Each structure stands twice: as structure tokens, then as C-alpha cells.
Amino acid sequence: MTGEGFETRSVRMERKCLLTVQAPADDVDRIMAAVTQVTPLAMGKYDSNAYQSSAGVERYRPLEGAAAGSETETRKRPGVVEVSFELDDDRALVEAVIEAIFEYHSYQEPVIRIAPILTSRSKGLDDSANPNRWWNTTGDWKKAAAN
């Protein structure tokens with residue numbers, strides 16, 4: 001089922017690539033600014049669509065030739081997140097995004113992963129009266145936080 005897309009009444013399931021990159025949280029805004037210069041990361045009526053995980057701990061040990069120099073102990077770096085976003089299944093686009101990430105990432109060996117996925121896209125049906133939608137419940141979280 002993951003090879004080709006399909007449709008339901010409300011959504012189209014489209015073939016895309018999911019790109020995930022691990023980075024120190026302080027790198028993310030710089031990396032994502034570079035990525036969105038290559039592609040808008042559009043999803044329906046929104047752009048700049050990405051997901052960032054909570055911070056975790058990255059483990060690694062620098063070997064001979066590493067920028068940090070060879071070490072005997074495993075490093076444990078806190079504050080590393082994963083950011084993921086969808087791209088069209090287009091090799092030239094994916095390559096351009098990877099190059100942008102590599103240029104703006106602070107690591108010698110950035111962790112970048114790509115996986116084929118099926119992802120949903122709304123058909124834009126009128127669901128303005130749906131009681132489960134945010135605009136019919138608590139409202140916009142950003143506007144509520146500003147009050």
C-alpha cells in the first residue's frame with residue numbers, strides 16, 4: 001500500500017519523501033531558513049511545514065580524523081532534536097535540500113535520513129461546522145497564548 005497513493009472521501013494519500021535531520025536545537029532555525037530557500041515546504045494552504053521533536057541526548061565518540069580529534073570516551077551531547085519534513089519525490093530537489101542542510105549544519109557528519117512515505121493532503125471539503133476543528137473549539141493556540 002505504500003507504493004502508490006490513494007484517496008478517501010476527505011483526503012488524498014500522496015507519495016512523498018520524509019527527510020529527518022538531527023541537530024543541536026540552536027542550529028534548527030538556521031537550517032530551516034536554508035531549506036525554505038530551496039523549497040517552501042508547502043502543505044495545502046500552509047508553508048514552512050516541519051516537525052521538531054523535544055530535545056534528547058546524542059551519543060558519539062570522535063575517531064581519528066574527526067574535527068574534535070580522537071577521544072577515548074563516548075560523548076553525550078544534550079539538546080539535540082530531530083526535525084522532519086516532507087518533500088516531493090524528486091531527486092534534484094532532495095539533493096538541493098541535503099546540500100543546504102550540510103552547508104548550514106554545525107556537524108562534520110550531519111545525520112540526515114530519507115524514507116519514502118504516503119502522506120495525507122486534504123481535499124478541501126467544507127468542514128467549517130465540524131465540532132472537532134480548532135476554530136470550533138478552543139481557537140488558535142497562538143492567539144490564545146498572546147492574551
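The values are calculated or read from the model by the stated rules, or taken from the named source; none is laboratory data. Quantities reported herein were computed from a predicted structural model and do not represent experimental measurements. Positions of Cβ are generated from backbone atoms using ideal geometry, with glycine treated the same way; all protein chains shown enter the neighbour counts.
The set of residues from the range 99-125 being surrounded by fewer than 18 Cβ atoms within 10 Å (Cβ to Cβ), outside any strand (DSSP E or B) and aliphatic (A, V, I, L, M) comprises just one member, L125.
Restricting the range 7-59 to residues that are free of Cβ contacts under 8 Å to residues at least 40 places away in the same chain and either closer than 21 Å to R91 by Cα or crowded, with 17+ Cβ neighbours inside 10 Å (or both), the residue that is farthest from the chain's Cα centre (by Cα) is E58. Taking the numbered list (1) under 23 Å from the mean Cα position of the chain (by Cα); (2) more than 24 Å from A66 (Cα to Cα) in turn, P110 passes all entries but (2). Exactly one residue among A25, A50 is over 14 Å from F85 (Cα atoms), in contact with a strand residue (DSSP E or B) (Cβ under 9 Å, 6 or more places away or on another chain) and of a type in the set (G, A, S), and that residue is A25. Taken over the range 1-44, the criterion of being part of a loop (DSSP other than H, G, I, E, B) and either small (G, A, S) or within 13 Å of P116 (Cβ to Cβ) (or both) is satisfied by M1, T2, G3, E4, G5, S10, A42, G44. Go through the range 126-147 and give me each residue that's assigned to a loop (DSSP other than H, G, I, E, B) and of a type in the set (A, V, I, L, M, F, W, C). A129 - this is the single residue of the range 126-147 that is assigned to a loop (DSSP other than H, G, I, E, B) and of a type in the set (A, V, I, L, M, F, W, C).
Restricting to the range 83-123, name every residue that is acidic (D, E) and either free of Cβ contacts under 8 Å to residues at least 40 places away in the same chain or more than 20 Å from T36 (Cα to Cα) (or both).
D90, E95, E99, E109, listed by residue number.
Check whether at least one residue in the range 67-83 is touching a Pro at 6+ places or on another chain (Cβ under 8 Å) and within 22 Å of S120 (Cα to Cα), and report yes or no. For the range 67-83, residues touching a Pro at 6+ places or on another chain (Cβ under 8 Å) and within 22 Å of S120 (Cα to Cα): absent.
Regarding S54, is this residue modelled with pLDDT of 95 or more, closer than 20 Å to S120 by Cβ and not in a strand (DSSP E or B)?
So S54 fails the test.
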